[in-house]
1. Put Thr207, Thr95 in order of accessible area, largest first, 1.4 Å probe: what do you get?
2. Loop only by DSSP, 14 or fewer other Cβ within 10 Å of the Cβ. Give me the trypsin sites (Lys or Arg not before Pro) in the range 218-281 that pass, ordered by residue number.
3. Report the percentage of all Cα-Cα pairs in the range 1-69 whose separation exceeds 15 Å, rounded to a whole percent.
4. Any chance you could get the radius of gyration and Dmax over the Cα atoms of the range 200-281, in Å?
5. Please compute P(r) over all alpha-carbon pairs of the chain, binned at 10 Å starting from zero, and give each bin as a whole-number percent.
6. Defining a contact as two alpha carbons under 8 Å apart and six or more residues distant in sequence, what relative contact order in percent does the chain show?
7. Per-residue accessible area for Glu130 at 1.4 Å probe radius, Å² rounded to 10?
8. Which residue, Phe21, Ile140, Thr275, has the largest displacement toward the positive end of the dipole of the chain when charges sit on each Cβ (Lys, Arg +1; Asp, Glu -1)?
Amino acid sequence: MTDTVPRLTLNDGRTIPQLGFGVFQIPPAEAEKAVRTALDIGYRHIDTAEMYGNEREVGRGIAASGLDRADVFVTSKLNNGFHRPDDARRAFDATLEALGADYVDLFLVHWPLPTLYGGDFVSTWRALEEFASDGRARSIGVSNFQPAHLERLAAETDIVPAVNQIEVHPYLTQETVRAYDRAHGIVTEAWSPIAQGKVLGDQVVATVADSVERTPAQVVLRWHIQRGDVVFPKSVTPARMEENFAIFDFTLDAEAMAALDGLDRGERTGPDPDTFDYIPG
Ligand SMILES: NC(=O)c1ccc[n+]([C@@H]2O[C@H](COP(=O)([O-])OP(=O)(O)OC[C@H]3O[C@@H](n4cnc5c(N)ncnc54)[C@H](OP(=O)(O)O)[C@@H]3O)[C@@H](O)[C@H]2O)c1
């Protein structure tokens with residue numbers, strides 16, 4: 001089953017499964033079971049974050065699966081409250097401890113927070129460079145970075161982020177940020193790939209789904225895969241987890257891809273990275 005998920009090569013030479021399982025908004029009490037179920041279905045890539053409050057349960061789910069740690073690609077992200085380098089170092093130690101792991105496959109700066117910390121996300125990135133150097137983060141990347149933020153990292157730091165995890169779905173196709181990422185060897189990861197369900201009732205999506213005899217979620221996820229982005233839909237519903245995994249035995253033709261591309265209306269479901277300034281209490 002897992003052989004069906006392609007792997008993309010990152011700019012540091014490592015590879016990442018193009019389809020994973022997201023655990024945002026899965027309460028800790030449900031997260032271990034959800035991760036176990038996902039791994040049983042065949043997912044081998046879990047996307048969590050310190051701010052999701054479920055790293056410990058994610059780690060337990062992976063351990064309980066009986067899979068080798070090396071066979072599961074695990075991403076976590078730095079809490080917005082810990083951008084200062086010493087805080088980032090402590091937070092990264094805590095992430096590894098919670099996951100019960102001595103490394104993560106990918107560690108991200110969750111948000112750039114350009115209006116906080118005096119606009120300094122550069123020293124934060126340098127802390128992540130340390131985690132990459134000491135091998136505890138196999139790859140490092142960013143999330144919700146706009147091209148201007150990436151330009152600053154390019155000018156002032158050594159390592160180009162391996163990924164940029166941003167909101168992408170048919171109502172927010174993000175061509176500008178994706179083009180920047182592509183031109184600089186950064187893989188785009190698409191968060192909220194089905195816009196938390198909002199795109200599934202769209203008539204155009206329904207028409208494409210009918211034409212290939214698949215569900216709306218499957219055609220939207222397939223659209224992301226064919227665009228070359230990484231996706232990790234979230235679900236606590238086992239039948240949907242199976243549905244979202246079964247997207248590698250059909251293709252969308254150019255007309256279907258263009259129809260979904262055409263749905264862009266610049267509509268975010270989440271915050272704007274240029275102004276987002278949330279720090280957990
Ligand atoms: N870096 C960031 O700032 C950031 C922000 C947001 C998300 N993310 C990551 O991206 C992942 C995915 O994004 P997301 O959780 O916001 O949204 P999403 O994956 O686009 O959508 C999840 C929602 O869709 C429902 N759903 C899932 N599969 C479905 C299907 N086949 N048919 C109908 N409904 C379906 C789920 O319901 P049930 O669970 O009830 O089945 C849930 O309500 C997150 O879990 C997280 O890992 C990152």
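The values are calculated or read from the model by the stated rules, or taken from the named source; none is laboratory data. Since the model is a prediction, treat every value here as computed from it, not as a measurement. So basically every Cβ, Gly included, is an ideal-geometry build from the backbone, and we count neighbours across all protein chains shown. Heavy atoms of the whole protein, side chains included, go into the accessibility calculation; ligands, DNA and RNA do not. Shrake-Rupley method; radii C 1.70, N 1.55, O 1.52, S 1.80 Å.
1. Sorted descending by solvent-accessible area, the residues read Thr207, Thr95.
2. Passing sites in the range 218-281 are Arg265, Arg268.
3. Tail of the P(r) past 15 Å holds 53 percent of the pairs.
4. 14.9, 48
5. Per 10 Å bin, starting at zero, the Cα-Cα P(r) for the chain comes out as 7, 31, 37, 21, 4, 0 percent.
6. 19
7. Counting only protein heavy atoms, Glu130 exposes about 70 Å² to solvent.
8. Phe21
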